[in-house]
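Here's the structure, in structure tokens; my notes come after.
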Amino acid sequence: MFLAIRELNFARLRFALMGAVIALIAVLMVMLSGLSVGLVRDGVSGLQNLPVTSFAFARNVQHDSAFSRSVVDISAVDAWAGQPGVAQAAPFGNSLVNGRTDQGTEVDLALFGVRPDSFLSPSVGEGERLGAADGIVVSPTALDAGLRVGDTVTVARLGTRLRVVGVTEQQDTFGHVDVAYLPLAAWQAIRSGTAPGVELPQQAAAEITAVAIRADDGKSVDLAAGDAVAGTESMTLTESYGASPGYTAETTTLQLIQGFLYAISALVAGAFFAVWAIQRKAEVAVLRALGASTGWVLRDAVTQAFVLLVAAVAVGVGVGLALGAAITGSGIPFALSMPSVSAAAVGLVVLGLVGAGAAVLRITSVDPATALGGNR
């Protein structure tokens, strides 16, 4: 430990340059972590906030686009409600629409059709809950697009007028589009293209996107058995995230980038300490000749790497958090999550130590005779 600290002080510039590289990698990791959390929240927060454990879609539906392709008969709701372990089952509708407010503002909305008296009906932080036939409850992020409680949104091509009656308590977005909850009958009319004032066709009134299922507390539901009875195909809530537009591609891309950064961190640390180990080979030989054990030499080198990595990662995380706080709320899908940031920081330190440890292993086998001129 004494030798490690002395070397850090003696070669300050060299270690500072190495630390700066690690710190920059840490900044990138914090920013990527924030983007990952932000994109997930912006893509599926509407689903995450639903009090459901699984969705039952149409049988053989394509999983990555289940919400846009699935059509389930509403009778499946009763079939699922009678399954063991199911606390509640309710119809759920989903579709994307374009609209214009009475102030002329263009808006895109992800419509969630639910029964106002079901467990899917959202709590509100402003205004009123669902109830009116033409009422909608929107995400707080929709206010940034210009919506206000009391505004009227006219759905494009249909002319259906929807009145904003409330705002949910937290962000609700689906596929990077603001969610608007509305009564199931109104959603069915919009989905089927039924014009205002025209009676909803019987077939349209019997079609939903999926059955939303909530299991009893502490119990599990046999999804396969329920699907066999209801003629559906189920996915857990987490599995259903993949059916959100762009979710899988975005998260996979960011995870690959993060993985490469972890690998780069280990390689950079390993390369630096490999060169440093070669340069201090003679000093290590002297230590070995004076009686230092292999374990002592290895611990000294790893301690040196640990001090450098922790200091550099701490600086990088601090800078990353400051940059993240500056862009939060600027319209970029960015959200800082301390568990994610902490995991990234620990990962960088651990992988850096792995790289450094692999590099310094070679100097632990230095022959003490080297320091005494035995190689001449």
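The values are calculated or read from the model by the stated rules, or taken from the named source; none is laboratory data. All figures in this text were calculated on a predicted structure; none of them were measured in a lab. Glycine also receives a Cβ, built like all others from the backbone with ideal geometry; neighbour counts cover every protein chain displayed. With ligands, DNA and RNA removed, areas are computed over all heavy atoms of the protein, side chains included. Shrake-Rupley method; radii C 1.70, N 1.55, O 1.52, S 1.80 Å.
Overview of results
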{"read-out": "Once exposed loop GluC sites (Glu not before Pro) are cut out (DSSP; at most 16 other Cβ, 10 Å), longest piece of the chain", "value": "200-376"}
{"read-out": "Pairwise Cα inverse-distance average, inverted: Kirkwood Rh of the stretch 60-103 (Å)", "value": "13.2 Å"}
{"read-out": "Cα-centre dipole for the chain with unit charges at Cβ (Lys and Arg positive, Asp and Glu negative), debye to 20", "value": "1960 debye"}
{"read-out": "Distance in nm between pseudo-label sites at residue 203 and residue 220 (7 Å out along the Cβ direction from Cα)", "value": "4.0 nm"}
{"read-out": "Normalised contact order of the chain, rounded percent, pairs of Cα under 8 Å and 6 or more residues apart", "value": "28 percent"}
{"read-out": "Rounded, prolate or oblate (a/c below 1.5 giving rounded, otherwise prolate when a/b exceeds b/c) for the stretch 106-241 by Cα gyration tensor", "value": "oblate"}
{"read-out": "Choice from 87, 110, 66 with maximal GNM fluctuation in the chain (Cα, 10 Å cutoff)", "value": "87"}
{"read-out": "Shape call, the stretch 58-135: gyration tensor on alpha carbons, a/c limit 1.5", "value": "oblate"}
{"read-out": "Residue of 336, 39, 13 that the Gaussian network model of the chain assigns the largest fluctuation, springs spanning Cα pairs under 10 Å", "value": "13"}
{"read-out": "Cα-projected label distance for residue 327 with residue 106, points at 7 Å along beta-carbon direction, nm", "value": "2.5 nm"}
{"read-out": "Most mobile of 226, 125, 316 in a GNM of the chain (Cα contacts under 10 Å)", "value": "125"}
{"read-out": "Chymotrypsin sites (Phe, Trp or Tyr not before Pro) restricted to the stretch 132-196 and DSSP loop, no more than 15 other C-beta within 10 Å", "value": "none"}
{"read-out": "Among 121, 302, 85 - extreme Cα towards positive end, dipole of the chain, charges at beta-carbon", "value": "302"}
{"read-out": "Helical segments meeting 18 Å axial Cα length and Kyte-Doolittle 1.0 threshold in the chain (DSSP H)", "value": "12-48, 247-279, 294-327, 338-360"}
{"read-out": "Farthest positive-ward along the chain dipole, Cα basis, beta-carbon charges - from 50, 245, 357", "value": "357"}
{"read-out": "Accessible-area order (highest first, 1.4 angstrom probe) of the listed residues 238, 248", "value": "238, 248"}
{"read-out": "Relative compactness, the chain, computed as alpha-carbon Rg over 2.2 N^0.38 Å", "value": "1.40"}
{"read-out": "Contour excess over end-to-end distance, with Cα ends at residue 68 and residue 195 and 0.36 nm allotted per residue", "value": "43.6 nm"}
{"read-out": "Accessible surface of residue 244 - all protein chains present, 1.4 Å probe, nearest 10 Å²", "value": "0 Å²"}
